[in-house]
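Note sheet for the following structure.
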Amino acid sequence: MNKLLMEENDRLQKQVSQLVCENGYMRHQLHTTPAATDANSDPVATTSQHSLGDVNNSAGLFSIAEEALAEFLSKATGTAIDWVQMPGMKPGPDSVGIFAIPHSCSGVAARACGLVSLEPSKIAEILKDRPLWFRDCRNLEVFTMFPAGSGATIELIYTQVYAPTTLAPAQDFWTLRYTKTLENGSLVVCERSLSGSGAGPNTAAASQFVRAEMLPCGYLIRPSEGGGSIIHIVDHLNLEASSVPEVLRPLYESSKMVAQRMTIAALRFVRQIAQETNGEVTYGLGRQPAVLRNFSQRLSRGFNDAINGFNDDGWTLLNYDGAEDVIISINCSKNLNQALSSNALSFPGGTLCAKASMLLHNVAPAILVQFLREHRSEWADFNMDAYSAASLKAASCPYPGMRPTRFTGSQTIMPLGDTIEHEEKLEVVRLEGHSLAQEDAFVSRDIHLLQICTGTDENAVGVCSELVFAPIDEMFPDDALMLPSGFRVISLDPKLNAVDNNVTNQTLTLASNLETRQGTAGSAEDGRRPCSSTRSVLTIAFQFPFEISLQDNVASMARQYVRSVISSVQRVALAISPSGMVPPVAPKLTPISPEALTLAQWICQSYNYHLGTDLLGSDSLGGGDSVLKDLWHHQDAILCCGLKSLPVFIFANQAGLDMLETTLLSLQDITLDKIFDDSGRKALCDDFAKLMQQGFVCMPGGVCMSTMGRHISYDQAIAWKVLPGEDSNLVHCLAFSFINWSFV
C-alpha cells in the first residue's frame with residue numbers, strides 16, 4: 001500500500017509540474033506580443049539564479065533558453081573557456097575526436113569535437129536520450145515540452161545520476177533544454193539548470209539525492225560538406241563537491257572524470273552507432289549490436305542500482321549502524337524465485353546486496369581491473385558463483401555448500417564484441433567445475449558469466465575502470481535475468497595523494513618489494529619511476545538471491561565473502577603496485593625508515609644474535625633477495641610492532657596476515673593488545689620486562705584472536721628485539737613469531 005501511495009504521489013507531482021508549465025504557455029499565447037522576444041527587453045538574469053516564477057512564464061523561459069544558447073556557443077566555438085588538450089588524448093587517424101579540458105574555470109568541464117557519418121537530426125535524437133549512452137544516468141524525465149518559434153522547442157527536464165561509490169549520495173538536475181536550428185543550418189541542443197526546487201525524487205528517495213548544477217552546455221551539430229556531421233560537445237557542471245566526504249572531493253572537482261564518463265562517452269557512442277549503421281562492426285554468436293548493447297546497459301545499470309540502493313526501488317538497509325565495513329541491503333521486490341518459476345508455491349524472498357568502498361594506494365585502476373579479469377581464481381569463490389548460477393535455474397535459492405563443487409581454476413573468456421577504441425569489452429566467461437559428490441563425479445558443473453570490462457587500456461587517460469559480471473544461462477537468452485556484481489576502481493587526483501605516515505610507507509614499500517621480486521613485474525625501468533603515492537577508491541558490490549527463511553544465513557555468508565574478496569583484492573593491489581615506490585638509488589639506511597630488504601635482514605640477524613640459532617636457515621644471514629622472500633613465505637606467523645606506548649604492527653609475513661585475517665594496508669590499524677584476551681595481555685606484561693632486559697623471551701602456547709574475532713591457538717611464541725645493524729644500543733622494533741598456529 002505504501003508503495004502504491006508513493007507512486008500516486010509521484011504521478012501527481014509530475015501532473016502539477018505539467019499543468020504549471022502549460023498554464024504559463026497559454027498565458028503567454030493570450031497576453032504577450034512579438035515584442036516579448038525583442039532584444040531590447042529586460043534580461044531575466046545572467047546567472048543560474050532565475051526565480052522559480054520564471055517556470056510559469058514562457059517568455060522568461062525563452063529568455064533563459066536564448067541566454068543559455070549564447071553561452072554554450074561561446075564555450076563550444078569561442079573563448080569563454082580557456083581549453084587545453086586533454087593529456088594523453090592526442091588526435092590522430094585512429095582517434096575518435098579531439099578532446100579538451102579547461103585550464104581553469106568554475107566547476108568541471110570538458111569539450112569534444114569529431115566527425116560522424118550520421119545526419120544531424122539522428123545525432124541529436126541519440127544524444128538527447130542520455131540514459132542510452134551515459135551509464136551513470138539513472139533516469140531522465142521530460143516534464144513538459146512546448147514550441148519556441150521557428151521550429152525550436154523548450155523542454156523542462158528532471159535527471160537523476162548514480163553515485164559512483166557507496167561513500168557519496170546520488171545527484172539530480174532540474175534543467176531547461178533548448179533545441180534550435182541556426183541560420184547556417186547547424187542544429188543546437190543546449191541545456192542549463194533552473195533554480196528552485198522544481199521537480200525532484202519522490203519522498204522515499206529524497207534523502208539519497210543532492211541537487212547539482214548544470215551550467216550552459218550541450219551539442220552543436222553541423223552538416224559536413226563531405227557527408228555526415230561535425231559535432232561539438234561541451235559538458236559544464238558544478239557537482240557540489242562539498243556534499244561528499246573530503247577524500248572524494250578531488251573526484252568531483254576532476255574535469256578528466258567528466259570527460260571520460262560523459263563527453264568522450266557521448267562522442268564514442270554516436271560513432272559506434274554510425275559504424276553499426278554502416279555495417280562496419282561485426283559481433284560474435286550472431287547477435288545483433290542492439291541486443292549486445294542492451295546486455296551491457298543492463299549489467300551496468302544493475303551494478304549501479306546495487307551500489308546506490310535507492311529506497312524507491314525497494315532497497316532497505318539491514319541492521320546498519322554506520323560502523324560496518326560491509327553494507328548489507330535487501331530488496332524483496334526483486335524476487336528471482338517468482339520471476340523464474342510459474343509454481344505458485346515458490347518461496348518468498350528477494351535480492352541481497354553486500355557492498356563496500358575503500359581506498360587503495362599506488363595502483364593504476366586499469367592494471368588492477370585487468371588482473372582481476374584475467375586471474376579470477378585469485379579472489380573469487382567458485383561455490384558462490386555456483387550458488388548464484390543455480391538460483392537462475394531453479395525456483396529456490398539453496399544455501400551454498402549443499403552441493404560442494406571443485407573449481408578447476410580454468411576460465412575461458414569468449415568475446416562477444418567491444419566498442420570502438422576497445423574501451424569496453426562484452427564477453428562470456430566459462431568457469432570449469434566438477435561436483436565433489438561421488439554420485440555426480442563426472443557431471444560437469446560449468447558456470448557461465450556475462451561480463452563487461454571497461455577502462456583497461458594502460459595507455460589511456462581513463463580515471464575509472466570496471467569489471468561487472470552476472471551469472472547467465474548457457475543458452476544465453478536475450479531476456480536473461482541478471483544480478484550484476486563487480487568492481488569499480490576510480491583514480492583520485494594525485495595532487496592530494498601525499499602519504500605522510502612513515503609506517504604506511506614502510507608497509508607499502510615492503511609489500512611492493514615482496515611481490516615484484518617473486519615474479520617478473522620488477523625491472524630496471526620500474527626503478528627509474530619517480531617516487532609518488534597515488535590513491536584510488538575501490539567499490540565492490542555483490543548481489544545474491546535469497547529466501548526469507550534463509551535471509552540471516554545468506555547475509556552472514558555475503559558479509560564474510562565480501563570481506564574475503566576485499567582482502568584478496570588488497571593483496572592483489574599490493575602485488576601489482578609498481579616498484580617505483582622504492583627510490584632508484586638506495587638511501588642511507590636509518591633506524592626510522594629501513595628499506596624492505598634491510599628490515600628483513602635485521603629481523604633475521606637479531607634473531608640469531610639473541611637466540612643463537614637461525615630463523616630461516618643457514619642462508620638467512622648471507623643477504624640477498626632470498627632473505628626477504630624466505631621471510632615472507634615462512635610457515636610461522638612473524639609480526640613486528642613499534643616501540644610506543646600503544647604498539648602498532650608495522651609488518652607481517654604472509655602467515656602473519658593469514659593468522660590475523662587482515663592485509664598489509666590494514667595492519668597499521670592493529671595494536672599488539674588487540675590480538676590477546678585479558679589473560680594473554682597479563683602474560684605479555686609479565687614477560688615484557690624480561691624481553692627488554694635480555695632481548696628475547698620464549699612464551700608457552702596459548703590463544704590469541706584474529707581481527708575477525710576468531711580464536712587462534714599456537715604451540716609457542718617467541719619475541720625478540722630487532723636491532724638496526726650491529727648497534728645493540730638501538731632497538732628498531734619488536735618481532736614476534738607464533739609457531740604452529742591454527743584456528744580453533
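Read-outs: derived from the displayed coordinates by stated rules, not from any lab. Predicted model, so just to flag it, every value in this text is computed and none were measured. Glycine gets a Cβ as well: all are built from the backbone with ideal geometry, and neighbour counts include every protein chain shown.
Taking the beta-carbon count within 10 Å as an exposure proxy, list 731, 247 from fewest neighbours to most.
Values: 731 16, 247 13.
The fewest-first ordering by Cβ neighbours comes to 247, 731.
Apply 1/(1 + (r/R0)^6) to the Cβ-Cβ distance of residue 297 and residue 104, taking R0 = 35 Å, and write down the FRET efficiency to the nearest 0.05.
On the way: r = 35 Å, r/R0 = 1.00.
According to the calculation, E is roughly 0.50.
Peptide packing: for 305-318, 475-488, 647-660, the average count of neighbouring Cβ atoms within 10 Å per residue gives the ranking 647-660, 305-318, 475-488, highest mean first.
Packing around the peptides 206-216, 226-236, 706-716, taken as the average count of other Cβ atoms within 10 Å per residue, puts them in this order, highest first: 226-236, 206-216, 706-716. Note that the stretch 103-188 shows a convex hull volume over its alpha carbon atoms of 157 Å³ per residue.
Look at where the Cα atoms of the stretch 659-682 and of the stretch 178-204 average out, and the two centres are 56 Å apart. For the stretch 586-743, a Kirkwood hydrodynamic radius built from all Cα pairs, placed in the Stokes-Einstein relation at 37 °C and 0.692 mPa s, yields a translational diffusion coefficient of 208 µm²/s.
Exposure proxy shown here: for 692, 384, the number of other Cβ atoms within 10 Å sets the order, fewest to most, as 692, 384. Once both labels are positioned 7 Å from their Cα atoms along Cα-to-Cβ, the gap between residue 476 and residue 377 label points is 2.4 nm.
Going 7 Å from the Cα of residue 85 along its beta-carbon direction, which residues of the stretch 249-264 have the amide nitrogen within less than 19 Å of the resulting point? So the set is 256, 259-260, 264.
Quick check: net charge around residue 679, other residues with Cβ under 14 Å of its Cβ, Lys/Arg +1 and Asp/Glu -1?
Residues close to residue 679 contribute a combined charge of -3.
Starting with the fewest neighbours, write out 414, 705 ranked by other beta-carbon atoms found within 10 Å of each beta-carbon. Spell out each step's value before the answer.
Details: 414 12, 705 18.
Arranged by neighbour count, lowest to highest, 414, 705 become 414, 705.
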